[in-house]
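The values are calculated or read from the model by the stated rules, or taken from the named source; none is laboratory data. For clarity, every value in this text was computed on a predicted model and none was experimentally measured. Counting neighbours? That spans all protein chains shown, and the Cβs are built from the backbone with ideal geometry, glycine included.
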Amino acid sequence: MIAPNAVPYLPRGVRLHRDHVRDRWVLLAPERTISLDMIGHAIITELDGSSGFAQIVDRLAAKYDAPAVQIAGDVQQFLGQLAERRFLEVRA
Amino acid sequence: MKVPAPLAMLAELTHRCPLSCPYCSNPVELAARSGELTTEEWISTFKQAADLGVLQLHLSGGEPATRRDLTELVKGARDAGLYTNLITSGIGLTEKRMQELDAAGLDHIQLSLQGTDAEMADRIGGYRGGYDRKMQVAGWIKDIGFPLTLNAVLHRQNLHQLPRALEMAVEMGARRIEVAIVQFYGWAMLNRNVLMPTREQAKEAERIVAQAREDLKGTLVIDFVPADYHSDYPKRCMGGWGTTGLNIAPDGQVLPCHAAQTIKHLNFENVRDKLLADIWYQSDAFKTYRGTDFLPEPCQSCDRKKIDFGGCRCQALAVAGDASATDPVCVKSPFNEEMRALAEDFSAEETAEITYRTAAG
C-alpha cells in the first residue's frame, strides 16, 4: 500500500513515450513496453516527483468528477502493480 | 494475417569480443571487422527502425564496447526516439566512457555474468581478469545510477552458483535479473556435452527461481529462461517469427533471429541495399515462417499453436532436420524422444572439454 503522503515517481529507466506508429501511449522500461489506456496515462502524467499519493488522487477526482475513494482504489492498484515490477518507486 | 510492426530490434554492432564464451550466440562463421556497418549506416538503421515501429533497441555484439563509436551510436539511437539498452560483459568500458554514455542518454545496461567468482567466470569467459573488471564496472553502473539487469547465463558447469547470482544482483542494486539457462545455438551447439544441464539441475533451478520470486518480490524481478531440452513444450521463440522483433548482424544483414543464418535456404536482405520496412514486410526470409500456415501436424490441430507457434525454427532444423517441423522440445514431436536422449547423453559426459569461441577477424 502506498501511504497518503508518500510520493510515487518513475525511476530512471522508465519513461513515458508516445508510440506514433500504434497511436497510443506506452511506458518504456527495461525489456518491457507497457501499453497505457486513457486512465493509465492520466495517472502517469500526474507523477511529478513531488506530489503525494493523496494529492494525486484529489487532482484526478476533480479532473474526472469522480469520488476520491473510488479513484484512490484504482490508482493504488495501478501503481501497486507497477511498483511490484519495479517500474515505480515510492519516496516516504 | 495482418503483419504487425516490430517492437524490438537487436543490433549486433560487432562480432568482436575480448571474451570467448563457449555458448556465444554469434554464428560460428563470424563477420569480420572490415564488413561492419559504419556509424552513419547504423544511425540510419536506427531511424528507420523507429519509423517502422520499433520502441526498444538492444545494442549487443560480440562486445558492443569494442566499437569506438559506441557513444555516438547511443546518442543516435536516443535521438531517433528509441529506448536504448546496452548488453555488455563490461570489458572495454571505463568510468569515463560510462559517463559519456550517461550523457548520451543510455537508458539501461544489461551486464552479463559468466560465474559468481573469478575462477568460474574467467574460465567460462576464457579471459583472465575479466571478473574483477566486471565487478569494477558494476560499481560504476551503481555510482552513475544506470538501471541494471544482471544477465546470469547458467549451464551444467555453474548452475550451482544460481543462489549467489541472485544475491549479487541485489547487492549490485539491479532491479532485474535474467536467469538464462543456455540455449543451444551458435557456439553452444558445439558445446552441448560441456554445457547441458542435468534434469535434476534444471528442476532445482526452477525451484530456486520460484522461491526467490516470492522472497524478493518488489526488490528484484526475475526473468527465467528454463532449460530448453528438459522442457515439455517449446518456447515462444522471438514472440513469433517476424512478428515482434528483428536482428541486424554486424554487416547489415537483417535476420528474424540471431541464429537464423543456420537455415541455409533462407536469403537475408541487407540494410545497405534495401529499406528496413521493405525487408520486414516483403522479404522472403521474414515471410517464410511468419504465422502458423507453414506448420505441420501435430501443430496444426494443437491448441497451443497460437501460444508457441510451433517453437523455434532453428532448433527444428538442428534436431529434426527440417526448419518447418514442430520444435522437438515439444512432447508431441516425433523427435521428442531423440531430444530427451540427447539431453541425457550430453549431460552425462563428465570429461568433456570446452570448445571456446574464436576471435572475429
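Observations on the model:
- Tallying residues that are out of contact with any strand residue (DSSP E or B) (no Cβ under 7 Å at 6 or more places or on another chain) and within 14 Å of another protein chain (Cβ to nearest Cβ) within the stretch B:1-58 yields 10.
- Tabulated pairs, the stretch B:9-35, first over 22 Å from B:Ala180 (Cα atoms), second of a type in the set (D, E, K, R) and in a helix (DSSP H, G or I), C-beta under 9 angstrom, 6+ apart or interchain: B:Thr14/B:Arg33; B:Arg16/B:Arg33
- Looking only at the stretch B:83-100, and only at residues there that are aliphatic (A, V, I, L, M) and surrounded by fewer than 23 Cβ atoms within 10 Å (Cβ to Cβ), the one that is farthest from the other protein chains (Cβ to nearest Cβ): B:Ile91
- Strands (runs of 3 or more DSSP E) contained in the stretch B:102-203 and holding at least 3 residues more than 14 Å from chain A (Cβ to nearest Cβ) and either buried (at least 22 other Cβ atoms within 10 Å of the Cβ) or acidic (Asp, Glu) (or both): B:148-154
- Only a single item in (1) more than 20 Å from B:Leu148 (Cα to Cα); (2) within 14 Å of another protein chain (Cβ to nearest Cβ); (3) surrounded by 12 or more Cβ atoms within 10 Å (Cβ to Cβ) is not met by A:Ser51, and it is number (2).
- Residues located in the stretch B:301-340, provided they are within 16 Å of B:Arg236 (Cβ to Cβ) and in a helix (DSSP H, G or I): B:Lys305, B:Lys306, B:Ile307, B:Asp308, B:Arg313, B:Cys314, B:Gln315, B:Ala316
- Extreme residue, modelled with the lowest pLDDT, among residues of the stretch B:251-278 that are part of a loop (DSSP other than H, G, I, E, B) and in contact with a Gly (Cβ under 7 Å, 6 or more places away or on another chain): B:Ala259
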